[in-house]
Amino acid sequence: MNLTEKDIQTIIESVMKNVESAIGPAPPGHSEGNTNSVIPIKLKEITEKDSVSTACSTSKQQNRTPSPKVNASTNSNPVFNTGMETFGVFEKIELAIEAGYMAQLDYVKRFELKDRERIIQAIREGVMTEAKELARLVYEETGIGSYQDKIAKHELAALKTPGTEDLSTAAFSGDNGLTIVEQAPFGLIGAVTPVTNPTETIVNNVISMLAAGNSVVFNVHPSSKQSCARVITIINKAIQGAGGPANLVTMVKNPTLETMQKLIDSSMVKLLVGTGGPGLVKTLLKSGKKAIGAGAGNPPVIVDDTADIEHAAKSIIEGASFDNNLLCIAEKEVFVLDSAADDLIFHLLNNGAYMLDRHQLNEVMNFALVENKEQVAAGCSDDPKRKYHISKKWIGKDATQFLTELKAKPKGNVKLLICEVDADHPFVQLEQMMPILPIVRVRDLDEAIQQAVRAEHGNKHTAMMHSKNIDHLTKFARAIETTIFVKNASSLAGVGFGGEGHTTMTIAGPTGEGITSAKTFTRQRRCVLADGGFRIIG
Ligand code: NAD
């Protein structure tokens, strides 16, 4: 056969096309002539045997959803090519989104599961090295909580968030062949973080999301943006130091509600994850995309007369005073059986609590509560009829600051203020996030359960009970149905701090994922090899 010059040209073009499609788009930082690019750990495809999330893949299309129209100028954009300098912090949300999107394509294409694990290990080490500095930055920037406890929260997130070991592949085999169900990434995740655990949530979310093969772009709480930029820089340096892609984790430098809306609307963002109050969760759930909402809590504690009261008091103080009660899981109100109440209060006072008298309680209400004139949603509930909300000025402040304002000078180190109130008191019904623990005396267990369920407002978040009676524990657990139910320990045990199990900073009660981890951020994908695949036709 004689080939003309035109034929040869056509063949060359077709071969070039095949090669290009096999290689895929050049990832940011790897464009032609870019000498700044980081050399990845592996240039080969993820293999079946190594990857739970790619076991099904037989081609280079693995883990891909159809690509949205990425700006053609992406790879020549100077911001993208200086990913090394920005370390994930972008002036514009659009660039943070595009960079994160491109990084994820690179991540699933060129990195094996063991590379993910190495990257995660580097993140853990990077955060552990900087834990004190991060705690200081967050404390200084937000002005809430406790410096020491923030160190512990960073360490907890860095060390007890599971990595790729959280992923698994289910397999079914039989006469009809083999079916596997694997956990594949969503792609680029858009995540929103709270001011109460800003950097800790980033560390926890990043480890979980990257373990699952995703990238993530954050819209952080504006009052924590500098500390968040710092942790994102630390994380990206660690990723790149371990040979991973630039911009797997990004954020917009100056987050606003407008940048959040752009994140919600972007076709490159495949999953939304929000950790915060009811307004945030509502906004994300209205987006029309898959959203995971980790909302408010108002965790009640019940103490009955079978409990080890001294232990209960110590546990309650530990949980309720930690980080000045900023945690969504923290003990927020106590319902104690009348027969055990005096004993409990005695042991609370012996272990670092200070009892506010009637006059002091009124004063605290005057300065720490704001009347809800504008009918804004209050704390744990989006019920606009609530009469008060908490003054931002007093959220997460130290017990000693309240005492100074009250001109009280108690002896010893006060960690927690307590007060005796009735069940309707705003300190019981509002998610106050202050080191003030209201105590409500109740006649019996039924009344305790009824009031505790009411104060939890159906958040289905966290509850605690101190009791040695299994029937009592079961009765309360069944009535309140919270994501976390802690028995005879502090709330901290519920997130792996002195309790078994891994940790999370994103407890998705409203949308039902519960204690989030890597597997939460995956799509289930079924891959079937049916008998036709084996049968010899003939
Ligand atoms: P927040 O709701 O004020 O802010 C959280 C994030 O959402 C911030 O980034 C903020 O900018 C954004 N945001 C706030 N209102 C919004 C709205 N209407 N629309 C869109 N975005 C909005 O909460 P916070 O004060 O930062 O954090 C404390 C709250 O978060 C508490 O209610 C606490 O219980 C909850 N929280 C829950 C978890 C959990 O795992 N479930 C963890 C930490 C904190």
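The values are calculated or read from the model by the stated rules, or taken from the named source; none is laboratory data. Everything quoted here is computed from the prediction, not taken from an experiment. Methodologically, a virtual Cβ is constructed for each residue, glycine included, from the backbone with ideal geometry; neighbour enumeration extends over all protein chains shown. In case anyone asks, the SASA skips ligands and DNA or RNA and just uses the protein heavy atoms, side chains included. Shrake-Rupley method; radii C 1.70, N 1.55, O 1.52, S 1.80 Å.
Restricting the stretch 473-493 to residues that are in a helix (DSSP H, G or I) and in contact (Cβ under 8 Å) with a residue 60 or more places away in the chain, the residue that is surrounded by the most Cβ atoms within 10 Å (Cβ to Cβ) is SER491. Considering the stretch 389-460, the qualifying helices (runs of 4 or more DSSP H), each wholly inside and each with 2 or more residues that are hydrophobic (A, V, I, L, M, F, W, C) and under 24 Å from GLY143 (Cβ atoms), run over 399-405. Do we find a residue being within 14 Å of the ligand (Cβ to nearest atom) and either open to solvent by 30 Å² or more (accessible area, probe 1.4 Å) or out of contact with any Phe, Trp or Tyr (no Cβ under 8 Å at 6 or more places or on another chain) (or both) anywhere in the stretch 465-472? No, the conditions are met nowhere in the stretch 465-472.
Counting only residues that are within 16 Å of the ligand (Cβ to nearest atom) and open to solvent by less than 20 Å² (accessible area, probe 1.4 Å), which one in the stretch 328-375 is nearest to GLY494 (Cα to Cα)? Restricting to residues being within 16 Å of the ligand (Cβ to nearest atom) and open to solvent by less than 20 Å² (accessible area, probe 1.4 Å), the top hit is ILE329. Hey, does the stretch 233-251 have a residue that's basic (Lys, Arg) and over 18 Å from LEU210 (Cβ atoms)? Within the stretch 233-251 (the criterion being basic (Lys, Arg) and over 18 Å from LEU210 (Cβ atoms)), the answer is no, since none of the residues qualifies.
Within the stretch 219-226, is even one residue open to solvent by less than 10 Å² (accessible area, probe 1.4 Å) and over 18 Å from VAL127 (Cβ atoms)? Steps first, answer last, please.
Step one: list which residues in the stretch 219-226 are open to solvent by less than 10 Å² (accessible area, probe 1.4 Å), which gives 219-220, 224.
Then drop every residue that is not over 18 Å from VAL127 (Cβ atoms), which leaves 219.
Yes, there is a match, as at least one residue in the stretch 219-226 is open to solvent by less than 10 Å² (accessible area, probe 1.4 Å) and over 18 Å from VAL127 (Cβ atoms).
Here the stretch 291-324 is the region considered, the condition is being within 16 Å of the ligand (Cβ to nearest atom) and either of a type in the set (D, E, K, R) or surrounded by fewer than 24 Cβ atoms within 10 Å (Cβ to Cβ) (or both), and the residue that is nearest to ALA423 (Cα to Cα) is ASP323.
Before we move on, is ILE239 away from the ligand (no atom under 16 Å from the Cβ), in a helix (DSSP H, G or I) and under 27 Å from LYS475 (Cα atoms)?
No, not satisfied.
Those strands (runs of 3 or more DSSP E) of the stretch 126-209 in which at least 1 residues are in contact (Cβ under 8 Å) with a residue 60 or more places away in the chain and either of a type in the set (Lys, Arg) or more than 24 Å from MET260 (Cα to Cα) (or both), considering only elements entirely within it, cover 177-185.
With respect to the conditions (1) within 16 Å of the ligand (Cβ to nearest atom); (2) hydrophobic (A, V, I, L, M, F, W, C); (3) closer than 20 Å to GLY88 by Cα, LEU134 lacks only one, and its number is (1).
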